[in-house]
Amino acid sequence: MFNQFNRFDDQQNVVNRNLEVEKQGLLSADGHKNRLRNIFYVLPLAFLVAALCLSAVLLHNVKGYRGDSTNGANAALQYLSSNLNQVPLQNLAVVVKGAPCPNGFVQENLGEWRGAKSGCLCTDGSVHTSTYCSFQSDSQCKSTSKVNSQQYSVFAGQSICSQRYAATNFAYSSKSSACAAGQVKCQTNVCVTSGVICPITSATIDLAAAPTAGDANELAFGAGKLVLKREVTAPVIANFEAEQNFPCNAHSTKRPQTVSKKAYPLDQVQNNGCGSYDSVQNYATNVGADQKPADFYADNSLANTVTNLPFQAAYTDALKDKVSLFAIQRVPVVDSAECQKINTNGLKDFSNDLNQLTYTVYVIAIIIIVLAAIGIFLSFLFLFLRHALSFLNKRPALALILVIAVLVAILSIILFGIYYGTQNSDSVQGTRNSLQGYVDNGCFEKVPGFDQASEDLVYQSDHLGNNLGYLVIALFVLALIFLLVTLVALVLRKAKGMVPLPDPAV
């Protein structure tokens, strides 16, 4: 009897041990499942936190390349490219406002009125949002909508028409270089086809005398005349421009300061000077005629547009302010074979590429920061408040976090492709090396502003790679790791017969 009880106890112990082993095995399996399950919470959260931090640093760094100094350097280089790319003026014609140009001539663009910003302007000069005026009961503040920019082409009731050389009829060369066969040298660095008239080097308006009969270089200009010169030692004229006081770079982010120094607060570009880089004022010659701003605006169909701006008249001095016509010379370049081969289109493309690159990095960094912040906030709710808020304990919520993380990863990969595709492109690297060559050869030593702008943009290109490159690479690598681990985890869950996106583990 006693032996029977002992055998029963032994059997019971065996059963208990077997149950314990099975229980431990089940717990171990559940532990593996829970660990695999929690990957889908921890991994996206960790990736989003890292992406948020890296993108914040990236955004901070790229802002340094989008400031006033960089914009000024880009504006100077854009102007230099536009100026050097101009074909010289072979002949001019003057027609009254509205009349067509003669055959073979085109109307010259004399500049741009850059428009006005929307807003609420008060008589004390303060600017507010448009809605601010809605709460004002008096007439001390008035609102206006945005007014688009507009080209102008009429000065003192006259339009200037130009005839420029065909590409086969002229060439720029160094002083010591001989012209090609069939060409003769006019100015020190211009060759034209034999028998073709030399380029125009200066233009002057004389309103007190009529043109000399039979003189092709004296053109009727209203009651006076426009006198042209074709001097051997002077630089050629690139274009004409009408401005108050003096011109700025053609693409400057700042307008020229008016004589009265009254800046209209709603100007699209403020009238506070031309920026820190050399403007065209050193290469601009007043043609000799001035207009009152009101008359100039009327000539160019801008009178109603300008006068309808709130309190605009308070910022115009009828006695001091004037609009003058300027002849803009071609920017002087050091007279050497290397400097005369400047790739003008390359300069413009290089500036555009750097602008576009910094803008793209800026925008994508902001999008990543916003998405990552949303994902982290949702992850906080799901990870820490899912027991208190039962509606959060849902697979679609987890799927949303994962989708956000995947979008951030895809954007990081796209950013990497755009960044290194632009930085390492043949055009950017080629022009960067050319710019460095222009600086090394002193091609712009006569124009310190453009020389400085070239140095600054070479510096910017180099530091875009050094200061931003490692951040872009870090984002790219993290994105690849995240996507790879997530893919492996999904495959393992499917292999174990588990749903791809489980409810949070308890």
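The values are calculated or read from the model by the stated rules, or taken from the named source; none is laboratory data. This one's a predicted model, so the numbers in the text were calculated from it and none came from an experiment. Cβ: placed from backbone, ideal geometry, glycine included. Neighbour counts: every protein chain shown. All accessible areas refer to the heavy atoms of the entire protein, side chains included, with ligands and DNA or RNA removed. Shrake-Rupley method; radii C 1.70, N 1.55, O 1.52, S 1.80 Å.
Are there any pairs, at least 6 apart or on different chains, whose C-beta atoms fall under 8 Å, with the first in segment 309-323 and in contact (Cβ under 8 Å) with a residue 60 or more places away in the chain and the second of a type in the set (A, V, I, L, M) and in a loop (DSSP other than H, G, I, E, B), and if so, which?
Leu309/Leu266; Pro310/Leu266; Lys320/Val259; Asp321/Val259; Lys322/Val259
Of the residues that make up segment 324-340, is at least one modelled with pLDDT of 80 or more, within 29 Å of the chain's Cα centre (by Cα) and of a type in the set (Phe, Trp, Tyr)?
For segment 324-340, residues modelled with pLDDT of 80 or more, within 29 Å of the chain's Cα centre (by Cα) and of a type in the set (Phe, Trp, Tyr): present.
Condition first: open to solvent by 70 Å² or more (accessible area, probe 1.4 Å) and closer than 30 Å to Ser81 by Cα. Now tell me which residues in segment 307-334 satisfy that.
The answer is Lys322, and nothing else.
Taking only segment 307-325 into account, find how many residues are outside any loop (DSSP other than H, G, I, E, B) and out of contact with any Phe, Trp or Tyr (no Cβ under 7 Å at 6 or more places or on another chain).
Of the residues in segment 307-325, 4 are outside any loop (DSSP other than H, G, I, E, B) and out of contact with any Phe, Trp or Tyr (no Cβ under 7 Å at 6 or more places or on another chain).
Somewhere in segment 434-446, is a residue polar (S, T, N, Q), assigned to a helix (DSSP H, G or I), in contact (Cβ under 8 Å) with a residue 60 or more places away in the chain and more than 30 Å from Leu483 (Cβ to Cβ)?
The answer is yes, given that some residue of segment 434-446 is polar (S, T, N, Q), assigned to a helix (DSSP H, G or I), in contact (Cβ under 8 Å) with a residue 60 or more places away in the chain and more than 30 Å from Leu483 (Cβ to Cβ).
Listed residues Val287, Val334; which is under 24 Å from Arg230 (Cα atoms), touching a Cys at 6+ places or on another chain (Cβ under 7 Å) and not aromatic (Phe, Trp, Tyr)?
Exactly one of Val287, Val334 is under 24 Å from Arg230 (Cα atoms), touching a Cys at 6+ places or on another chain (Cβ under 7 Å) and not aromatic (Phe, Trp, Tyr), namely Val334.
Quickly run through segment 198-249 and pick out the residues that are open to solvent by less than 50 Å² (accessible area, probe 1.4 Å), closer than 29 Å to Leu80 by Cα and among the aliphatic types (A, V, I, L, M).
Once the filter is applied, which keeps residues that are open to solvent by less than 50 Å² (accessible area, probe 1.4 Å), closer than 29 Å to Leu80 by Cα and among the aliphatic types (A, V, I, L, M), segment 198-249 yields Ile200, Ala203, Ile205, Leu226, Val227, Leu228, Ala234, Val236, Ile237, Ala238, Ala242.
Somewhere in segment 113-121, is a residue within 25 Å of Tyr165 (Cα to Cα) and in contact with a strand residue (DSSP E or B) (Cβ under 9 Å, 6 or more places away or on another chain)?
So far as segment 113-121 goes, no, none of its residues is within 25 Å of Tyr165 (Cα to Cα) and in contact with a strand residue (DSSP E or B) (Cβ under 9 Å, 6 or more places away or on another chain).
If Leu80 satisfies all but one of (1) open to solvent by less than 30 Å² (accessible area, probe 1.4 Å); (2) closer than 23 Å to Leu219 by Cα, what's the number of the condition it fails?
Of the numbered conditions (1) open to solvent by less than 30 Å² (accessible area, probe 1.4 Å); (2) closer than 23 Å to Leu219 by Cα, the odd one out for Leu80 is (2).
List the strands (runs of 3 or more DSSP E) that sit entirely inside segment 103-188 and contain at least 3 residues that are in contact (Cβ under 8 Å) with a residue 12 or more places away in the chain.
Fully inside segment 103-188 and qualifying: 119-122, 141-144, 158-164, 170-172.
Would you mention how many residues in segment 270-306 are assigned to a loop (DSSP other than H, G, I, E, B), open to solvent by less than 20 Å² (accessible area, probe 1.4 Å) and at pLDDT 85 or above?
2
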